[in-house]
Amino acid sequence: MTAPLLDAGQAAALLSVPKSWVLAEARADRIPHVRLGRYVRFEADALEAWWQSRSRGPRLPADKRKAPPRRLEPPGGLAQGEATP
């Protein structure tokens, strides 16, 4: 059995974008979708394959990714050892 179809809100949550963007992209036929009369639905697997195909730049496996560099000075611009007013 296949997974249930997603509505625009669920597809937007999956892609971390606004619902309005999902609907506009579907209307322009730029993302995979299924039109059921006036309703637009999305398959999670098709959306995942679509965004992965649009990936640019080097892709490292998750176990090879580095954590972002740590900041040396605390937020607010105060250097270590500097007193706060």
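Descriptive notes on the structure:
- Pair W21, A49: separation of 7 Å Cα→Cβ label points (nm): 2.3
- When peptides 7-20, 25-38 are ranked by their average number of other Cβ atoms within 10 Å per residue, the highest-first order is 7-20, 25-38.
- Annotation: extensible slack from T2 through R41 equals 12.7 nm (criterion: 0.36 nm per residue apart, minus Cα-Cα distance).
- Gain in span if fully extended, D29 to R56, counting 0.36 nm per residue against the direct Cα distance: 7.6 nm
- Per residue, in Å², the accessible surface of segment 1-63 once ligands and nucleic acids are set aside, probe 1.4 Å: 76
The values are calculated or read from the model by the stated rules, or taken from the named source; none is laboratory data. Predicted, not measured: the structure shown is a model, and the values here were computed from it. For neighbour counting, all protein chains shown are included, and Cβ atoms are generated from backbone atoms with ideal geometry for every residue, glycine included. For the accessible areas, the whole protein counts, side chains as well, though only heavy atoms, and no ligand, DNA or RNA atoms are used. Shrake-Rupley method; radii C 1.70, N 1.55, O 1.52, S 1.80 Å.
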